[in-house]
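Participant: Input: one structure, supplied below.
The values are calculated or read from the model by the stated rules, or taken from the named source; none is laboratory data. Given the structure is predicted, the values throughout are model-derived calculations rather than measurements. Note: ideal-geometry Cβ built from the backbone for every residue, glycine included; neighbour counts use all protein chains shown.
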Amino acid sequence: MIGARRPHSRARRRRALGAALAIALIAAAVLAPGSGADTVGASGQGTANAGAFDSQGMWIWYVSRSNGGNVAAIVARAKRSGIGTVYVKAGDGATPWSQLTSSLVSALHAGGLKVCAWQFVYGVRPYREAKIGAAAAAKGADCLIIDAESQYEGKYAPAVRYMAKLRSQVGPGFPVSLAGFPYVDYHPGFPYSVFLGPDGAQFNQPQMYWKAIGTSVGSVFAHTYLYNRVFGRPIYPIGQTYENPGSGQLRRFRRYALNYGAGGVSWWSWQETSGREWGALGSPVTPMPGVRPSSTLPLLRKGSRGDLVVWAQEHLLAAGQTGLPVTGIYGARTANAVTAFQQQKGLFADGRIGADTWSRLLQYQPVKVNWGASRAAARGRAAASLAVTARPGGGAADAPLSASLPARRDEIGSGPRR
């Protein structure tokens, strides 16, 4: 959403923040938002510590450009507008940002706000990026957000390395979220199955910038949820205040979130939010009348390709369809495995994965494929030109065949450099 750039700024390598930050003392503490209950995703994977996500949030790109970096003013603005969580940028690629400090986090906490650190990642130096994320968490952040976008498309092995290193440093229970593209079907080569898979992020924050995408609030919810549900992670939508979407549209986004059962929404970004928009975030809203979200799931069949197929193949393996290569390509072997699974479960055996088959597959914990298990395997893959498919744990390839597929579109767009 948000990256080096964002949302309309896709600055490829924004390296350091040179501004000095003024941190004012908070005279009195206010009540902090309550913690949310644990939830369980479609794959049966429990998530904990959702409190920061359950509050309405606002993303901060530069602290110095958010109420001038004055913490007291930030807290006051947040309270007036119903903001319970602030997301502060802590790193860009292999470079940490100095604005996120323990004293800043403590001051915001004293003002009753939850604080989440976020970093834009590229996958070029995944171990270094993971260390920067872990260092941000160690400064007292309530959660860590991974902003991974087009730079990570096709990079399955770097995603595995990043998540493994991050989890080794922050622990398995520390709240981590992925803030990525909302339209999964537009990005067949993006490793959602790694970032939202076993040992990955427990939360999903798609960047649902309806105006930037060129669609309506209702359509962005329908499209995003259709394809993101299968990953079994609680979805916390990110809306836009940039590009002047209008106060009515912001309230509409909040109302749709209620219809979809989203615990809390957040907004990009603080420095691009106008006075009227702040007012729209603080006003009370009710669900949209007559809006009943569909519970359908994406249809996969012979010829389908992309990370959703990777996700399905990992679940088929977990369900006992051994020997199936994880390629991201829905060919005859995958269709046969689906048919066998459907027959075992008493489902209509057509070899296609629709809502009924998904619902049974998602009861299994997906098998984890250790893409690029060794550096030697990664080097060998260049010569193999993706001709080798991977089996769980083998690390024979550093990406599925589908990782080479181009994106249909960068739906959230790009704009002025940040």
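Participant: Across the stretch 89-101, what is the total count of residues that are touching a residue at least 60 places away in the same chain (Cβ under 8 Å), part of a strand (DSSP E or B) and hydrophobic (A, V, I, L, M, F, W, C)?
Facilitator: Qualifying residue count for the region: 0.
Participant: How many of the residues in the stretch 125-136 are among the aromatic types (Phe, Trp, Tyr) and either buried (at least 21 other Cβ atoms within 10 Å of the Cβ) or not in a helix (DSSP H, G or I) (or both)?
Facilitator: First pass over the stretch 125-136, keeping only residues among the aromatic types (Phe, Trp, Tyr): 127.
Filter again for either buried (at least 21 other Cβ atoms within 10 Å of the Cβ) or not in a helix (DSSP H, G or I) (or both), leaving none.
The qualifying residues number 0.
Participant: Name every residue in the stretch 102-124 that is buried (at least 17 other Cβ atoms within 10 Å of the Cβ) and in a loop (DSSP other than H, G, I, E, B), in order of residue number.
Facilitator: Those that are buried (at least 17 other Cβ atoms within 10 Å of the Cβ) and in a loop (DSSP other than H, G, I, E, B): GLY111, GLY112, LEU113, TYR122, GLY123.
Participant: From the list VAL369, VAL309, VAL291, VAL326, which residue is in contact with a Leu (Cβ under 7 Å, 6 or more places away or on another chain) and of a type in the set (Val, Ile, Thr)? First the steps, then the outcome.
Facilitator: Working: VAL369 fails: in contact with a Leu (Cβ under 7 Å, 6 or more places away or on another chain); VAL291 fails: in contact with a Leu (Cβ under 7 Å, 6 or more places away or on another chain); VAL326 fails: in contact with a Leu (Cβ under 7 Å, 6 or more places away or on another chain).
Testing whether each residue is in contact with a Leu (Cβ under 7 Å, 6 or more places away or on another chain) and of a type in the set (Val, Ile, Thr) leaves just VAL309.
Participant: Out of everything in the stretch 36-90 that is at pLDDT below 95, polar (S, T, N, Q) and touching a Lys or Arg at 6+ places or on another chain (Cβ under 8 Å), what residue ends up being surrounded by the fewest Cβ atoms within 10 Å (Cβ to Cβ)?
Facilitator: Filtering the stretch 36-90 for residues that are at pLDDT below 95, polar (S, T, N, Q) and touching a Lys or Arg at 6+ places or on another chain (Cβ under 8 Å), the one surrounded by the fewest Cβ atoms within 10 Å (Cβ to Cβ) comes out as GLN45.
Participant: Name the residue that is nearest to the chain's Cα centre (by Cα), counting only residues in the stretch 162-211 that are assigned to a helix (DSSP H, G or I) and small (Gly, Ala, Ser).
Facilitator: Restricting to residues being assigned to a helix (DSSP H, G or I) and small (Gly, Ala, Ser), the top hit is SER193.
Participant: List the number of the failed condition for GLY282; all other conditions in (1) without any contact (Cβ under 8 Å) to a residue 40 or more places away in the chain; (2) more than 22 Å from TYR192 (Cα to Cα) hold.
Facilitator: Answer for GLY282: the failing condition is (1).
Participant: Mind listing whichever residues of the stretch 302-349 are part of a loop (DSSP other than H, G, I, E, B) and of a type in the set (A, V, I, L, M)?
Facilitator: Applying the first criterion (part of a loop (DSSP other than H, G, I, E, B)) to the stretch 302-349 yields 302-304, 306, 319-325, 327-328, 330-331, 345-349.
Those that are part of a loop (DSSP other than H, G, I, E, B) and of a type in the set (A, V, I, L, M): ALA319, LEU324, LEU347, ALA349.
Participant: Something else: For the stretch 134-158, name all the residues that are within 23 Å of ALA50 (Cβ to Cβ), within 16 Å of the chain's Cα centre (by Cα) and not acidic (Asp, Glu).
Facilitator: Of everything in the stretch 134-158, those that are within 23 Å of ALA50 (Cβ to Cβ), within 16 Å of the chain's Cα centre (by Cα) and not acidic (Asp, Glu) turn out to be CYS143, LEU144, ILE145, ILE146, ALA148.
Participant: Of all residues in the stretch 204-251, how many are of a type in the set (A, V, I, L, M), surrounded by fewer than 24 Cβ atoms within 10 Å (Cβ to Cβ) and over 22 Å from THR296 (Cβ atoms)?
Facilitator: 1
Participant: So which residues in the stretch 231-251 are within 16 Å of the chain's Cα centre (by Cα) and assigned to a loop (DSSP other than H, G, I, E, B), if there are any at all?
Facilitator: Of everything in the stretch 231-251, those that are within 16 Å of the chain's Cα centre (by Cα) and assigned to a loop (DSSP other than H, G, I, E, B) turn out to be GLY232, ARG233, PRO234, TYR236, PRO237.
Participant: I'd like the full set of residues that are assigned to a helix (DSSP H, G or I) and either crowded, with 19+ Cβ neighbours inside 10 Å or at pLDDT below 95 (or both), limited to the stretch 252-271.
Facilitator: Looking only at the stretch 252-271, we keep the residues that are assigned to a helix (DSSP H, G or I), and these are 252-259, 270-271.
Passing the criteria: ARG252, PHE253, ARG254, TYR256, ALA257, TRP270.
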